[in-house]
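Remarks on the structure that follows.
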Amino acid sequence: MLRMLLAGWLLLCSGIANAAESETLVIYNWAEYLPRKILQQFTRESGIKVQYLTYENNEAMYAKVKATKGEGYDILVPSTYYVDRMRREGLVQKIDKSRLHHFGNLDPHLLNQPYDPDNDYSIPYLWGTTGIAYNADQILPGQLKSWANLWNPDYKNKLLLLDDMREVFSISLKVLGYSINTTDENQIRAAYEKLTELMPNVRVFDAESPKTKFLAQEVMAGMLWNGEAYMASRENPKIKYVYPKEGVMQWMDSLVISAGAKNMENAYRFIDFVLRPEIARQISEEIGYSSPNRAAIHLLSDKIRNNPTAYPTADNLQNSEFQTDVGAALPIYEQYWRRLRAGR
């Protein structure tokens, strides 16, 4: 009898442990990219506890996920070209969209892109641009109209560049008149050589919270994501955002389910939660990036919806490009990136 009671007790404890484990969700995302209040609301509504881990750039996220085959993570938030790479390498799972009741809220124009046809592996989360930000107390409006203006010697040791290889190479490729998705080694090398000329002007690389460098006036200008510029301008209206004449870089960050996910049901519940119009609206308003959720955009205030930093016009997006996977050319970029950061 005692043995039976003990066995029953162990089975009960095991069931409780498994139930507790099932009520968790591990999200691996960019820093400052999902409001705490949204995570708290999800937990209140669902009872699911969220472990929120962060990374500074796509490269760091990809390296960690590849090393672990995705184990230890449920939801990831890669950018456009990394969705393509990770789905081809089997690092993310195919998504059953029939389990997402709010999928229809998404803008069809932002779906079915070349990096993920039919959105079989990714659900758009936020999209945005990479342009130029500056402090109007330090730089007169109109002085920064072009990526090429960043090479001006007047900005020596006063600029910020994002700590993101593809983004940094993109500004040089734009200045040289090349596609930001080139796989031509000669063009990549030319972009590297052009960037070496920019380095004396660069004070810092940052991708974790670059807006803080602008707010602290550690830099007077540089490249910045539009959402960071929008959030910085709310604290200091002198922080301005420019769409350079050569064109901005466009990107889409998407929710994907890791190949090693242990909490699949919870992952689907969270993705569908984020697709709710009111939730998507709150995320866009607080984070400052453009929502791909049409129903959410209708809920935004006119002040945000008509702010070109957060919601660019067609004119703002002239000559813009989405980053795509450069495939076999990636090691070439990485080689020159290492040399650039090492000062060689």
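The values are calculated or read from the model by the stated rules, or taken from the named source; none is laboratory data. Computed from a prediction, not measured in an experiment: that's the story for all the values here. Cβ sites come from the backbone with ideal geometry, for glycine too, and all protein chains shown count toward neighbours.
Of note, Asn186 satisfies the criterion of being without any contact (Cβ under 8 Å) to a residue 24 or more places away in the chain and more than 28 Å from Gln217 (Cα to Cα). Taken together, Ala314, Ala342 contain a single residue that is of a type in the set (Gly, Ala, Ser), farther than 26 Å from Val168 by Cβ and without any contact (Cβ under 8 Å) to a residue 12 or more places away in the chain, which is Ala314.
Mind telling me which of the residues Val219, Val175 ends up being surrounded by 22 or more Cβ atoms within 10 Å (Cβ to Cβ), in contact (Cβ under 8 Å) with a residue 24 or more places away in the chain and either in a strand (DSSP E or B) or at negative phi (or both)? Steps first, please.
Working: Val175 fails: surrounded by 22 or more Cβ atoms within 10 Å (Cβ to Cβ).
Every option except Val219 fails the conditions.
Asn307 falls short on exactly one of the conditions (1) assigned to a helix (DSSP H, G or I); (2) touching a helix residue (DSSP H, G or I) at 6+ places or on another chain (Cβ under 8 Å), and that condition is (1). The residue that is surrounded by the most Cβ atoms within 10 Å (Cβ to Cβ), counting only those in the range 233-284 that are of a type in the set (S, T, N, Q) and assigned to a loop (DSSP other than H, G, I, E, B), is Asn263.
Checking each residue in the range 290-304 for being part of a loop (DSSP other than H, G, I, E, B) and within 19 Å of the chain's Cα centre (by Cα) picks out Ser291, Pro292.
Considering only residues that are among the acidic types (Asp, Glu) and within 13 Å of Ala259 (Cα to Cα), look in the range 49-85 and name the one that is surrounded by the most Cβ atoms within 10 Å (Cβ to Cβ).
For the range 49-85, the residue satisfying everything is Asp74.
For beta carbons closer than 7 Å, sequence separation of 6+ or different chains, a first residue in the range 288-306 that is more than 17 Å from Pro124 (Cβ to Cβ) and modelled with pLDDT under 95 and a second that is of a type outside the set (Gly, Ala, Ser) and crowded, with 16+ Cβ neighbours inside 10 Å, the qualifying pairs are Ile304/Glu285; Arg305/Ile297; Arg305/Tyr311.
If only one of Asp107, Asp120 is free of Cβ contacts under 8 Å to residues at least 40 places away in the same chain and either closer than 18 Å to Asp253 by Cα or not aliphatic (A, V, I, L, M) (or both), which one is it? Before the answer, list the steps.
Values: Asp107 fails: free of Cβ contacts under 8 Å to residues at least 40 places away in the same chain.
Result: Asp120 is the single residue among Asp107, Asp120 that is free of Cβ contacts under 8 Å to residues at least 40 places away in the same chain and either closer than 18 Å to Asp253 by Cα or not aliphatic (A, V, I, L, M) (or both).
Return the residues of the range 151-167 that are in a helix (DSSP H, G or I), over 15 Å from the mean Cα position of the chain (by Cα) and crowded, with 22+ Cβ neighbours inside 10 Å; say none if nothing qualifies. Reasoning before the result, please.
Kept after step one, since they are in a helix (DSSP H, G or I), are these residues of the range 151-167: 151, 153-155, 165-167.
Filter once more, so that each one left must be over 15 Å from the mean Cα position of the chain (by Cα): 151, 153-155.
Result: Tyr155, single match.
Take Ser320 and tell me if it is in contact with a Leu (Cβ under 7 Å, 6 or more places away or on another chain) and at negative phi. Here the answer is no, as Ser320 does not meet what is asked. Within the range 57-104, being without any contact (Cβ under 8 Å) to a residue 60 or more places away in the chain and either part of a loop (DSSP other than H, G, I, E, B) or not assigned by TED's automatic domain parsing to the domain that holds Asn266 (or both) holds for Glu89, Lys94. Checked against (1) closer than 20 Å to Asn226 by Cα; (2) in a helix (DSSP H, G or I), Ala133 passes all but condition (2).
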